[in-house]
1. Only counting other Cβ atoms within 10 Å, I'd like F121, F289, F506 sorted with the fewest neighbours first.
2. Using the charge dipole of the chain (Lys, Arg: +1 at Cβ; Asp, Glu: -1 at Cβ; taken about the Cα centre), state which of N457, A186, W284 has its Cα farthest towards the positive end.
3. If you filter segment 265-372 for GluC sites (Glu not before Pro), then keep DSSP loop positions with at most 16 other Cβ within 10 Å, what is left?
4. Counting other C-beta atoms within 10 Å, which of V144, V388 has the fewest, and how do the rest follow?
5. Which whole-number value in Å³ per residue fits the convex hull of the alpha carbons of segment 237-320?
6. Binning at 5 Å from 0, report for segment 4-150 what percent of all alpha-carbon pair distances ends up in each bin.
7. Could you list Y320, Y194 so that the one with the fewest beta carbons within 10 Å of its beta carbon is first and the one with the most is last?
8. Relative to the compact globular guide of 2.2 N^0.38 Å, what is the alpha carbon radius of gyration of segment 484-543, as a ratio?
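Just so you know, all these numbers are worked out from the coordinates, no wet-lab data involved. All of these numbers come straight from a predicted model, not from anything done at the bench. Every residue, glycine among them, receives a Cβ derived from its backbone with ideal geometry; neighbour counts consider all protein chains shown.
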Amino acid sequence: MPDLSQSLQKSDIGQLRIIAEFWGLELESNDFDSALEELGASLVDLETVSETLSILQAPAQTALTELINSNGKMEWSVFARKHGEIREMGAGKRDREKPHLKPTSTSEILFYRGFIAKSFFETDKGLQEFAYIPDDLLEVIQEVGLQSNEVLSKNEPLGRPATPVEKSFETPANDFILDDATTYLAALRMNIHYVGAQYIAPLLATANLIKNNIPQTETVKAFLEANRTDALNTLYQAWLKSDTFDELRLIPSIICEGEWKNQPQITREFLMNLMNDIPQGKWWSLNAFVKAIKEKFPDFQRPAGDYDSWFIKRESDGQYLRGFAYWDSVDGTLIRYLIQTLHWLGKVDLASAEEGKIYTAFRVTELRDTSNKLQGKMIVASNGKISVSRYFSRAIRYQIARFCEWDGLDTPSANASGYSTIGDEYKYFITAKSLKRANEQGLKAEQLLNLLVKHTNGNVPPALVKALKNWNANGSEVRVENLVVLRVNKPEIIEEARKSKAGKYFGELLSPTAVIIKSGAIQKVMEIFAELGLLIEGDEHDKNKLD
């Protein structure tokens, strides 16, 4: 950073005299360069600095302490938000109004004493304006020990421990995201809709498991065959290092518009560093953590404290959230979403003050290693229903899912540690439709049968074995259809109708007095029969579905 001489170079002799007055000095020179040299030498004198600091008001000492804790500089937008602006005025106006005698902010108190200056510095986010303590003055302040009474440890966590109320209802971390990923990957292969895809798809793309919504065969195979601990860590590491996974644009309560760019990886790294300072295993207040970040690091994701150029609106009513006034709705919500993501990835427990309400506390944790957990069972019934435990091989469940219809997931119950005990089973059932769909993907019923036999130790009901073998050999042998049937009292009516315009709408003849009407043609047939002098009686439900 610049030193005193460099920092005051753009000022004038009048400002040098103001600073000197506050330090109890009287400049002898009327030449700017000589006066600057004279002042600079006095402002780095240990005794003089110590005396001047000792009479500073507490708010000014606090502001200096914060700068020292930030290595002597802080983004101006952050500093000014906490300690006030410095009114811009030329030398003439300054000399008339004497703002140094009537300061309107702590920033002005420090500025007119030469303790702080403003300048632009290059950062990872581009050129940004900072408040800073001149280098040589900073060294002296540190030496005389201003920070000894007020400087907090850099590693002291933000916020406070959670109260008993805030952590009343616990939701322990789990690795269920692995099972959701397995289901979603199968859904992609089957071209069926998956609820929640908007959240899990970006994570799987980050881990190179999908590309353009297409599962990547080799990486998917390795992911599904990995033990649960390693698979979860794969997702976590991919998320942690990703510069494409953008939490801000995934928050469901807001909509991001326009071409502006943010830096999700840099933001994530900053917030993770703050998370790492929180004692592992200790419940922490979520609200207090967010509030502390707002107070100390409000611009953690905003280049130069810019709250106007990002076009973000509230999803519920379309209200644009521009300006610092909406910090809680955007930046605060992002912090909460990141902690929620860490929960999904097995790194954070959550808790709420009321059951089913918003989370009010979190606890940094390490999920128990489930690599050696006994594999669950697969049970196959004679009616084609299959039950697969959550802890069964994910690679096999992925294959089973591609052959079957899905019947949901039993709601898992949890023990005191939050790990599923009974009831966490995936339900599938084999149908002609599901086998046909699998066949269109190049999968054979014989492959499913081999899977079931192998992974149930041969406990596949004979009736199902026969059904799958028959399907493999002959395809569908039985069919159920919804048909519209025309029934008449005399065979002659059918014969007469066949010769009329109605004949082209007839399908298969079921009996001398019954014929199938082609789909959507009943209205036409009714009109033609009316022309023949015959009125057709039918139920209203069928009529309501006419084309």
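1. Values: F121 13, F289 24, F506 17.
Exposure proxy ranking, most exposed first: F121, F506, F289.
2. The residue sitting most towards the positive pole is N457.
3. Numbers: sites: E269, E295, E315, E354, E355, E366; in loops: E315, E354, E355, E366.
Loop-located and lightly packed - E315, E354, E355, E366.
4. Numbers: V144 17, V388 24.
In order of increasing Cβ crowding within 10 Å: V144, V388.
5. Details: hull volume 10.7 nm³, N = 84.
Taking only Cα atoms, segment 237-320 has a hull volume of 128 Å³ per residue.
6. Result returned by the calculation: 2, 9, 20, 23, 22, 16, 7, 2, 0.
7. Values: Y320 13, Y194 16.
Sorted ascending by nearby Cβ count, the order is Y320, Y194.
8. On the way: Rg = 10.4 Å, N = 60, 2.2 N^0.38 = 10.4 Å.
Compactness ratio reported: 0.99.
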